[in-house]
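First up is the structure itself, then whatever we jot down about it.
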C-alpha cells in the first residue's frame, strides 16, 4: 500500500470502526447510589465461642460482633455502636468491639446503637493474677506471620533478608528459634536488656529496618515479644498443642457496595482450648476489586457485584468468609422457573439473588461465529454462514454444536490446547517425530471422543517407546519427578502444590509430606534405551519417596487420601490413576469443567482456572457442582460437556450490557468478548485476505491451529501471545493487547504481503468485473464477521470504492479496515 492509500484507509476506518465497535464497546461507569438507612429492628451479639465468652489469661483477646436485623436482612454494626462495660475495671472495649481483659470477674457488655437499640452479652475473665509463660511456637511465631516478617518477600524467602532468615510463614519454628537466638552473636534478643534487643528495636523502627516499623511499643505484639525475651527466650518445653480447626464468624454475609463486616476468627486446639485469634490472623481477599480486608479483619465491599472470598490464615490453618454483593435498591428480577438447563438454572438463580437482569440472547450470526471459533478455532465458512442464517429450524443452534463437535476442526483446536499445556515443545531445530506423534495421539483421542478418565489414565500410566505408545512423550518432556507431580496436580486436580515441595503451602493445607507421598507414585518410573528407542518402564521396587526434611520414606497417597502400600511388582501409577479418575475424587471433574468453562465463557468459576484451593472458592458453587456432576454422569464425555455449556442460554447471551449488568464481571449475566488467540487470529487473517502462511516442515495447507508444537518461527504468533509450552499453566498464553500487536496489523510487511498477494481476496475482487461491488462487500462482511453489513456500513464502503472498483488498493484498504476492527479481533 502507498502512503496515500494508508491515509485514505485511516479515513475509511474512522467511518467503519464506529459502526463495527457497537457490540463490544465498553460500558460507561455505573454510579452506585448510597446505601439506604437500615430498617429499624433489633441488634444482637453474635455467638462466636461455643462455651460462652470466656477469656482465660492476660494474653487472650476477643473480637465482638454486633448484628442489626430487621427480620429479613442482617447488617454488621460492630463499628457503629457504642460500648459500655459494667462493672468497670474488668475489661476494655474499643470502638471496633475489641475486648482486652484486665482483671478476673464477670462483666456485662452493652452495645447501643444511635437510635437507642441495645444488646447485652456477658464475658467471664479468669487467670489475670499470674504472669504466664510465653509460648514461642504458639505466640511469638504467629506474630512474625501477622507482621509479615516471615513472608516470601521478607525474611521468609530461602535466602533470608539482610542476613536474617525465618522459615516461610513459621512452618519450621525450631529453625526460627535457632536463627533468632543463636545467630548474630546473640544481639537479636537479650534477656539482660530486653529493650536493646534488635528484634524489638527494628520492629518499632527505633533502628533502621528495611521493612519499616511494624509495631509500636504499646502494641500487644511488642509487649508479648518483650515479655518472652525477659523470661529468658525459652523454647517450648514439651509438645505445643496444635490447631485442629479454624472457624470464621460469620461464615457468609450479603453485603451491599460500601458496607463493612467485622470478622471473628476462632481457633480450636488439640488440648480442647478454644481461643479468639482474630488479631493474630492474616486476612486476604481473593479479589480486591470486590472487597478488601483490613489487618483487623474488617471487610469492606467494593463497587463491583458478585461473590468474593476473604481468607483468614493462622498457624498453618485457613478459614474462608464469603460475601455476596448484590446491586443496591434493585428488586430481584423474575425467576425463570421454566428453565430446565442445569447451567441456566444455577446462573439465573445467582443473578436473581444479585439483582441482575441477564442480557438477551445474541443473534444468529453472532452465535455462529462465537461457537465456531470456540469449538473449532476458526471462522465460519461463507457457505456455513449463509446456510445457518437461512435455516429456520428452532433447534438449529444445537444442531450446529453437534456438527462442529463431529468435525475434525474440533479435534485440531482442542489438540492444540492440550498439546501446549502438556508441554509438547522443542528447543529449537527442526520438527521432531515425537512432537508429531504425540500431537496426533492427542488429536486422535479427541476425534474418537475418548473419555477424559481414559485419556488421563493412558497419559499417567504410559510405558514403552514413543512409537509403541505416544503418551510416553509427556514423560519424556516432563523429565523430573517433581515436575510430573506438579504438572499432574495442576492439570488434572486444579491444585498448585509447587509450594509444598519446600514448605507447607501458604494458602492450603498441603504439606511437604503430602507432596512426597504424591511423588512416590512416580518413584519407580525409569527411562532406558531399548534398540535405540527411548523406553519408559516401571522398576520392580517399593514405591516410596523420602520426606524432604526428615528423609523418612513415605508410601504413596493422593491428596486427602489414605496412604497405601503398592506391591513392588505393580506399577504404582495404576493406583494413582485409579484414585485420580474416581468419581469420588473431589478434584478431578471440577478441575476439568472449570478449565472448559473458562475456555468458552472467558472466565473460570475459579480464577486462575488451575488454582482451586479452599481459599479460592468458585463464584457460583451451585453451577460448579452441577457441571461436575453432569460430567461424571456422562462418563467423563468431553463432547457432552462442551454440548452442555454451548447449548445454554448463558453461553448464547448477547455481549451487550444492560443497566443492571454493567459492572458484573463474575456472574455470567452476559457474554464477555474475548480476543482471538494467536493461532485463530492468524488463520482468520489468512481467510479474509485470501493468503496463506507457510510453516517449515508442514504441508502448505496447514493452518496455525493445526500445528503440533510451538517451535515454528512465526513473529505473528509470538507477538499475539502464543505460549512457549514451558509449563502446564494456561497463563503462559497472553491475552493482553499491546502496541506491537496494533502496529503489526496496521503496517507490518507481513500484513502488507497478505493484503497484496496475487491470489488474494483484494486481487480477486478487483479482477471480477462481473460481480457488483455491493455483492462483494456483502460477501466480505459475511466472511470476516459472519454477518451482512448494515445499511450505513454498506453505504460507507461503496462510497469509498466509488467508481474505481477495479483498483486493487481500494479493496486492500477495505479488507485492512475490517481486519483491524474490534469486531473482527474479538469473539463476541
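The values are calculated or read from the model by the stated rules, or taken from the named source; none is laboratory data. Just so it is clear, the model here is predicted, and its values are computed rather than measured. In this analysis, Cβ positions are derived from the backbone assuming ideal geometry, glycine residues included, and neighbour counts consider all displayed protein chains.
Scanning segment 675-708 for residues that are in contact with a strand residue (DSSP E or B) (Cβ under 7 Å, 6 or more places away or on another chain) and either surrounded by 22 or more Cβ atoms within 10 Å (Cβ to Cβ) or within 30 Å of residue 429 (Cβ to Cβ) (or both) yields a single hit, 676. Taken over segment 176-194, residues that are over 21 Å from residue 224 (Cβ atoms) and without any contact (Cβ under 8 Å) to a residue 12 or more places away in the chain amount to 2. Screening residue 197 against (1) in contact (Cβ under 8 Å) with a residue 60 or more places away in the chain; (2) more than 41 Å from the chain's Cα centre (by Cα); (3) more than 30 Å from residue 49 (Cα to Cα) leaves a single unmet condition, (1). Among the residues of segment 462-477, those identified as part of a loop (DSSP other than H, G, I, E, B), buried (at least 19 other Cβ atoms within 10 Å of the Cβ) and out of contact with any strand residue (DSSP E or B) (no Cβ under 7 Å at 6 or more places or on another chain) are 470, 471. Looking at residue 267, is it modelled with pLDDT under 85 and surrounded by 18 or more Cβ atoms within 10 Å (Cβ to Cβ)? Against the criterion (modelled with pLDDT under 85 and surrounded by 18 or more Cβ atoms within 10 Å (Cβ to Cβ)), residue 267 does not qualify.
Only one of these is part of a helix (DSSP H, G or I) and farther than 26 Å from residue 719 by Cβ: 742, 797. Name it. Result: 797 is the single residue among 742, 797 that is part of a helix (DSSP H, G or I) and farther than 26 Å from residue 719 by Cβ. Just to be sure before I move on: is residue 431 assigned to a helix (DSSP H, G or I) and over 30 Å from residue 256 (Cβ atoms) in the structure I sent? No. A residue that is surrounded by fewer than 16 Cβ atoms within 10 Å (Cβ to Cβ) and within 30 Å of residue 490 (Cβ to Cβ) occurs somewhere in segment 738-752. The residues of segment 299-315 that are in a strand (DSSP E or B), touching a residue at least 24 places away in the same chain (Cβ under 8 Å) and within 20 Å of residue 328 (Cβ to Cβ), listed by number, are 299, 300, 301, 305, 306, 307. In summary, helices (runs of 4 or more DSSP H) completely within segment 571-674 and bearing 1 or more residues that are buried (at least 19 other Cβ atoms within 10 Å of the Cβ), at pLDDT 90 or above and over 17 Å from the mean Cα position of the chain (by Cα) occur at 572-580, 621-633, 638-646. Can residue 717 be described as at pLDDT 95 or above and buried (at least 20 other Cβ atoms within 10 Å of the Cβ)? No: the conditions fail for residue 717. When 417, 432 are screened for being within 23 Å of the chain's Cα centre (by Cα) and either closer than 30 Å to residue 775 by Cα or not assigned by TED's automatic domain parsing to the domain that holds residue 776 (or both), only 417 passes.
Among the residues making up segment 276-288, those that are part of a strand (DSSP E or B) and crowded, with 21+ Cβ neighbours inside 10 Å are 276, 282, 283. Taking residues in segment 442-455 that are within 12 Å of residue 640 (Cα to Cα), and partners anywhere that are surrounded by fewer than 17 Cβ atoms within 10 Å (Cβ to Cβ), the pairs with Cβ atoms closer than 6 Å and at least 6 places apart or on different chains are 451/635. Going through (1) in the same structural domain as residue 502 (by TED's automatic domain parsing); (2) more than 25 Å from residue 422 (Cβ to Cβ) one by one, residue 571 falls short only on (2). Kindly provide the set of residues from segment 70-99 that are surrounded by 15 or more Cβ atoms within 10 Å (Cβ to Cβ) and at pLDDT below 90, ordered by number. Passing the criteria: only 74. Within the span defined as segment 792-804, one or more residues are in contact with a helix residue (DSSP H, G or I) (Cβ under 9 Å, 6 or more places away or on another chain) and within 24 Å of residue 378 (Cβ to Cβ). Is it true that some residue in segment 541-551 is surrounded by 19 or more Cβ atoms within 10 Å (Cβ to Cβ), in contact with a strand residue (DSSP E or B) (Cβ under 9 Å, 6 or more places away or on another chain) and either assigned by TED's automatic domain parsing to the domain that holds residue 492 or part of a loop (DSSP other than H, G, I, E, B) (or both)? Scanning segment 541-551, I find at least one residue that is surrounded by 19 or more Cβ atoms within 10 Å (Cβ to Cβ), in contact with a strand residue (DSSP E or B) (Cβ under 9 Å, 6 or more places away or on another chain) and either assigned by TED's automatic domain parsing to the domain that holds residue 492 or part of a loop (DSSP other than H, G, I, E, B) (or both), so the answer is yes. Of everything in segment 379-390 that is closer than 13 Å to residue 684 by Cα and surrounded by fewer than 22 Cβ atoms within 10 Å (Cβ to Cβ), the residue that is farthest from the chain's Cα centre (by Cα) is 382. Considering 634, 630, the condition of being without any contact (Cβ under 8 Å) to a residue 12 or more places away in the chain and either more than 23 Å from residue 413 (Cα to Cα) or touching a helix residue (DSSP H, G or I) at 6+ places or on another chain (Cβ under 7 Å) (or both) is satisfied by 634 alone. Being in the same structural domain as residue 566 (by TED's automatic domain parsing), touching a helix residue (DSSP H, G or I) at 6+ places or on another chain (Cβ under 8 Å), in contact (Cβ under 8 Å) with a residue 60 or more places away in the chain and part of a helix (DSSP H, G or I): is that true of residue 519 here? In short, no. Evaluating residue 78 against the criteria (1) within 33 Å of the chain's Cα centre (by Cα); (2) within 30 Å of residue 233 (Cα to Cα) leaves one unmet condition, (2). Checking the stated criteria, residue 434 turns out to be touching a helix residue (DSSP H, G or I) at 6+ places or on another chain (Cβ under 6 Å), over 19 Å from residue 729 (Cα atoms) and crowded, with 18+ Cβ neighbours inside 10 Å.
Report yes if residue 217 is exposed (fewer than 13 other Cβ atoms within 10 Å of the Cβ) and under 30 Å from residue 81 (Cα atoms), otherwise no. Yes; evaluated as a whole, the condition is true for this residue.
When 345, 393 are screened for being at pLDDT 90 or above, assigned to a helix (DSSP H, G or I) and surrounded by fewer than 23 Cβ atoms within 10 Å (Cβ to Cβ), only 345 passes. Candidates 319, 291, 309: the one that is more than 18 Å from the chain's Cα centre (by Cα), farther than 16 Å from residue 143 by Cβ and buried (at least 20 other Cβ atoms within 10 Å of the Cβ) is 319.
Residue by residue, here is whether (1) in contact (Cβ under 8 Å) with a residue 24 or more places away in the chain; (2) over 18 Å from residue 677 (Cα atoms) holds:
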| site | (1), (2) |
| --- | --- |
| 368 | yes, no |
| 374 | yes, no |
| 379 | yes, no |
| 382 | yes, yes |
| 385 | yes, yes |
| 394 | no, yes |
| 400 | yes, yes |
